[in-house]
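The values are calculated or read from the model by the stated rules, or taken from the named source; none is laboratory data. Keep in mind that what you see is a predicted model, and the values were worked out from it rather than measured. All Cβ positions, glycine included, derive from the backbone under ideal geometry; neighbour counts span all protein chains shown.
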Amino acid sequence: MRISTKYAPRKVADGQPRSCIKDTSLTHEQMLELYRYLKLTRLVEERIVNLYRQTKVVGGVYRSLGQEATAVGSAYALRADDFITPIIRDLGACFVKGIRPREILAQYMAKAWGPSGGKDLNVHFGYMDRGFIGPISHLGDMIPVMTGILLGARMQQKDIVGLAYIGDGGASTGAFYEGMNFAAVQRLPLIVIAEYNYYAYSTPTNLQTAVRNLAEKAAAFGIPGYIVDGNDVIACYEVTKQAVDYARTGRGAVLIEAKTYRRKGHAEHDDQRYVPEGEIEYWEKHNDPVDRFERFLLDQKIATKESLEEITAEVTREIDEDSEWAESSPMPEPEGAVYGVFDNSIVPPAFRPRVLEK
Amino acid sequence: MATAVKKLRKLEHPSSGAAATMVEAIRAGIWEEMERDPTVFVIGEDVGVYGGAFKVTEGLIDRFGKERVIDTPISEAAIVGAACGAALMGMKPVAEFQFIDFISCGFDLLTNYAAKCRYRWGANIPAVFRGPCGSGVRAGPFHSLNAESFFLNTAGLKMVEPSTAYDAKGLIKAAIRDPDPVLFFEHKKLYRLPRLREELPEGDFIVEIGKARTAREGRDISIITFGAMVLTALDAAEELEKEGLDLEVIDLRTLAPLDKDAILASVKKTNRALILHEASLTGGIGGEIAAIISQEAFEWLDAPVLRVASIDTPVPYSPPLEDYYLPQVKDVLDTARKLAAY
């Protein structure tokens with residue numbers, strides 16, 4: 001099958017700043033909502049970094065700086081009852097699916113009020129009723145899990161689609177291949193967004209795969225492949241919308257490759273010594289997804305500088321409030337560790353055994 | 001005509017009335033659960049028209065259709081992952097590994113996904129992962145595995161291994177109804193063993209997960225075992241009876257969580273414990289059981305806790321080699337005599 005490059009990144013004339021594609025079905029109101037999600041993602045991550053520097057974050061901090069448009073634009077193409085499973089660079093997709101900043105902040109700080117109650121980190125949680133299934137650290141595993149969600153949904157006669165994210169690194173795993181292949185064979189409505197962001201931890205993509213475009217891997221499964229400009233939020237929305245319509249009408253799985261760039265290291269501690277000089281600065285200056293969308297909104301007269309500032313102020317207020325809430329949460333009770341391995345009405349909690357006590 | 005008759009026969013409820021083999025008992029258990037609960041479905045390699053490598057799922061596709069009896073690519077990670085996803089949606093998958101040896105290809109999703117979901121975010125995975133295990137059938141290093149000790153150190157997976165047709169049916173039904181993931185090991189040597197044929201009661205019954213059974217009552221030594229080794233233990237017990245030694249045989253049935261009460265009650269009665277299993281000795285489940293006994297029944301013991309297991313090698317193919325590898329009745333006799341004389 002041919003790879004569609006309709007939404008692929010386009011060359012711009014020298015000195016010409018990048019914007020977004022104009023051909024869209026999105027209303028002005030929806031576009032402003034997209035802007036809100038982009039800003040929310042970026043500012044929540046900045047808040048998490050601040051909390052990290054204050055040693056309030058227990059584990060590592062993972063950023064999606066520079067690639068927010070991929071997560072936000074793609075997830076926005078879904079219906080409320082559709083499912084997503086993000087990877088760590090898709091915080092924006094979590095917000096689009098209804099996750100609140102307070103939940104993410106409490107997770108990072110290992111607080112009792114976080115959705116996992118302190119048992120797991122960052123976006124590693126889920127809500128079946130919101131169609132949100134957090135990932136695990138083992139990349140690729142969520143592809144077969146999402147395939148199973150869709151298999152179950154089909155047996156229940158639900159016409160939902162599933163959106164799973166993977167990186168250029170995760171696309172090298174066996175689970176990715178097995179899951180995609182099975183979904184393709186079963187013609188399940190699985191849409192996989194493969195984010196080409198140049199690095200998997202420190203490993204560049206040319207040491208990860210010999211294909212030039214991750215979308216070429218679609219040929220191995222006999223499914224359509226798309227390449228999209230991952231830093232154009234409208235293109236990300238439009239390409240995913242097409243894939244969603246294709247998948248929901250029973251035609252099967254789709255692989256979308258989003259070309260983007262990871263401007264931060266794997267985690268906050270990573271000094272990025274493996275990145276060529278000037279590369280990050282180039283992307284920051286010439287291809288920032290938020291800048292591009294702002295330019296688009298202003299040029300198209302969809303927003304004014306003031307109205308965008310107002311959105312940012314509103315987002316900041318929400319983050320302040322949620323941050324306060326998350327910080328006010330207690331840490332979990334130590335003994336909470338023993339519960340929930342199994343249904344504890346059947347198997348008792350895993351208390352430490354008492355020995356040599358008469 | 002002959003095919004039509006055969007098909008009709010297949011569509012009839014299997015094994016009602018007549019004495020059932022273990023394979024028929026498992027099939028009947030899955031069949032009944034699929035009849036009573038539309039969320040139960042079967043997934044695995046060659047489980048559909050072919051009926052599975054050992055014919056455990058034979059006839060299911062004719063009765064329940066390919067929507068509920070799903071043939072997969074050779075992809076254990078996809079089988080386990082898809083079972084987990086469907087289970088999250090409220091379905092009850094019964095996933096088959098063609099041989100339990102191939103569970104290694106689904107290990108990551110079992111130990112990291114299935115086992116940890118409830119603990120991490122409260123989402124339970126009511127799935128059964130089943131398949132033929134065990135050696136003694138000349139199947140060589142890749143079709144003879146006993147996998148329990150690989151999973152014993154993973155919190156969140158239950159493990160079951162029956163040694164009778166009755167238990168096989170009752171336990172598979174209990175496993176399907178269980179709200180948490182269950183690994184269901186079926187010893188392939190027992191599948192069609194005439195000695196295990198038994199009349200199963202009409203109507204619905206289950207065998208509770210987490211409960212051992214006393215396969216033979218005795219006074220002098222407790223043999224704690226499971227699976228095909230229950231038969232080895234019973235044969236040894238019969239021999240030793242002639243020498244005036246009265247052995248108790250505890251069939252664990254569930255390997256996780258272990259029925260500590262049953263193990264300790266037996267050892268406190270006989271004061272001598274012999275643990276017998278088919279997997280290799282080092283790092284086997286026997287070490288865990290021995291630790292439980294020595295910690296919680298030390299003062300009742302009249303002799304050290306001894307283990308009889310396979311030697312620490314892969315499972316060899318050639319009959320003389322495999323027979324040497326496996327614990328034989330003679331090994332149990334020798335060890336039991338030493339225990340009695342201690």
### Query
Out of all the residues in the range A:173-188, is one or more more than 21 Å from A:I3 (Cβ to Cβ) and without any contact (Cβ under 8 Å) to a residue 12 or more places away in the chain?
no
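Results for (1) away from every other protein chain (no Cβ under 14 Å); (2) over 16 Å from B:I223 (Cβ atoms), shown as yes or no for each residue.
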position	(1), (2)
B:G244	yes, yes
B:S266	yes, no
B:T270	yes, no
B:A273	yes, no
B:E278	yes, no
B:I292	no, no
B:T313	yes, yes
B:A340	yes, no
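Among the listed residues A:G148, A:G117, A:G98, A:G140, which satisfies the condition of being closer than 26 Å to A:D159 by Cβ and in a loop (DSSP other than H, G, I, E, B)?
On the way: A:G148 fails: in a loop (DSSP other than H, G, I, E, B); A:G117 fails: closer than 26 Å to A:D159 by Cβ; A:G140 fails: closer than 26 Å to A:D159 by Cβ.
None of the other options fit; the residue is A:G98.
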### Message
Looking at B:L145, B:L157, can you tell me which residue is touching a helix residue (DSSP H, G or I) at 6+ places or on another chain (Cβ under 6 Å) and away from chain A (no Cβ under 13 Å)?
### Response
B:L145
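Restricting to the range B:104-125, count the residues that are in contact with a strand residue (DSSP E or B) (Cβ under 7 Å, 6 or more places away or on another chain) and under 18 Å from B:L145 (Cα atoms). It would help to see each step written out before you state the result.
Here is the first cut: in the range B:104-125, the residues in contact with a strand residue (DSSP E or B) (Cβ under 7 Å, 6 or more places away or on another chain) are B:110, B:121, B:123.
From what's left, under 18 Å from B:L145 (Cα atoms): B:110.
So the answer is 1.
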### Message
Give all pairs with beta carbons closer than 8 Å in which a residue from the range A:112-128 that is more than 8 Å from chain B (Cβ to nearest Cβ) and more than 17 Å from A:G60 (Cβ to Cβ) meets a residue that is part of a loop (DSSP other than H, G, I, E, B) and among the polar types (S, T, N, Q); count only pairs at least 6 apart in sequence or on separate chains.
### Response
A:A112/A:S329; A:W113/A:S329
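Yes or no, residue by residue, for (1) facing another protein chain (nearest Cβ under 7 Å); (2) of a type in the set (K, R); (3) buried (at least 24 other Cβ atoms within 10 Å of the Cβ):
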| position | (1), (2), (3) |
| --- | --- |
| B:M89 | yes, no, no |
| B:Q98 | no, no, no |
| B:D101 | no, no, no |
| B:G106 | no, no, yes |
| B:Y113 | yes, no, yes |
| B:G122 | yes, no, no |
| B:V128 | no, no, yes |
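Quickly run through the range A:3-32 and pick out the residues that are in contact (Cβ under 8 Å) with a residue 24 or more places away in the chain, in a loop (DSSP other than H, G, I, E, B) and not β-branched (V, I, T).
Going through the range A:3-32, the residues in contact (Cβ under 8 Å) with a residue 24 or more places away in the chain turn out to be A:3-10, A:17-26, A:28, A:30-32.
So of that shortlist, the ones also in a loop (DSSP other than H, G, I, E, B) come out as A:8-10, A:17-26.
Result: A:A8, A:P9, A:R10, A:P17, A:R18, A:S19, A:C20, A:K22, A:D23, A:S25, A:L26.
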### B:D251 vs. criteria crowded, with 18+ Cβ neighbours inside 10 Å, outside the structural domain of B:L306 (by TED's automatic domain parsing) and acidic (D, E)
no
#### Entry: Any helices (runs of 4 or more DSSP H) falling wholly within the range B:229-342 and containing at least 2 residues that are at pLDDT 95 or above and over 23 Å from B:F142 (Cα atoms)
B:229-241, B:260-270, B:285-296, B:329-341
### Query
How many residues, within the range A:58-95, are of a type in the set (A, V, I, L, M, F, W, C) and in a helix (DSSP H, G or I)?
8
### Query
Given (1) in a helix (DSSP H, G or I); (2) closer than 20 Å to B:E248 by Cβ, where does B:A175 come up short, assuming only one miss?
(2)
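Whether any residue in the range B:110-117 is outside any loop (DSSP other than H, G, I, E, B), under 17 Å from A:I133 (Cβ atoms) and of a type in the set (F, W, Y) is what I want to check.
Filtering the range B:110-117 for residues outside any loop (DSSP other than H, G, I, E, B) gives B:110-114, B:117.
Okay, now just the ones that are also under 17 Å from A:I133 (Cβ atoms), so B:112-114, B:117.
Still in the running and of a type in the set (F, W, Y): B:113.
So far as the range B:110-117 goes, yes, one or more of its residues are outside any loop (DSSP other than H, G, I, E, B), under 17 Å from A:I133 (Cβ atoms) and of a type in the set (F, W, Y).
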### Message
If I ask for residues that are among the hydroxyl-bearing types (S, T, Y) and either in contact with a strand residue (DSSP E or B) (Cβ under 8 Å, 6 or more places away or on another chain) or part of a strand (DSSP E or B) (or both), which ones from the range A:173-197 would you list?
### Response
A:Y196
### Set A:E284, A:E306: member being without any contact (Cβ under 8 Å) to a residue 60 or more places away in the chain and not aliphatic (A, V, I, L, M)
A:E306
### Query
Would a scan of the range B:73-81 turn up a residue that is surrounded by fewer than 24 Cβ atoms within 10 Å (Cβ to Cβ), within 23 Å of A:A184 (Cα to Cα) and charged (D, E, K, R)?
no
### Of all residues making up the range B:53-92, the number that are in a loop (DSSP other than H, G, I, E, B), out of contact with any strand residue (DSSP E or B) (no Cβ under 7 Å at 6 or more places or on another chain) and of a type in the set (K, R)
2
### Query
Residues of the range B:292-342 being in contact (Cβ under 8 Å) with a residue 60 or more places away in the chain and among the β-branched types (V, I, T), which ones?
B:V315, B:V329, B:V332, B:T335
### Message
Of everything in the range B:218-242, what is charged (D, E, K, R) and under 22 Å from the mean Cα position of the chain (by Cα)? Give them in sequence order.
### Response
B:D235
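Of A:Y237, A:Y201, which residue is buried (at least 22 other Cβ atoms within 10 Å of the Cβ) and among the aromatic types (F, W, Y)? Break it down into steps so the answer makes sense when it comes.
Working: A:Y201 fails: buried (at least 22 other Cβ atoms within 10 Å of the Cβ).
One residue alone meets the criteria, A:Y237.
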### Query
Name the residues in the range A:146-179 that are more than 7 Å from every other protein chain (Cβ to nearest Cβ), over 24 Å from B:V40 (Cα atoms) and not acidic (D, E), would you?
A:L163, A:A164, A:Y165, A:I166, A:G167, A:G169, A:G170, A:A171, A:S172, A:T173, A:F176, A:Y177
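When the residues of the range B:39-52 are narrowed to those that are part of a loop (DSSP other than H, G, I, E, B) and within 12 Å of another protein chain (Cβ to nearest Cβ), which ends up nearest to B:K173 (Cα to Cα)? Walk me through how you get there before you give the answer.
First pass over the range B:39-52, keeping only residues part of a loop (DSSP other than H, G, I, E, B): B:39, B:45-52.
From what's left, within 12 Å of another protein chain (Cβ to nearest Cβ): B:39, B:45.
Details: B:T39: 14, B:E45: 21 Å.
Across the range B:39-52, the extreme among qualifying residues is B:T39.
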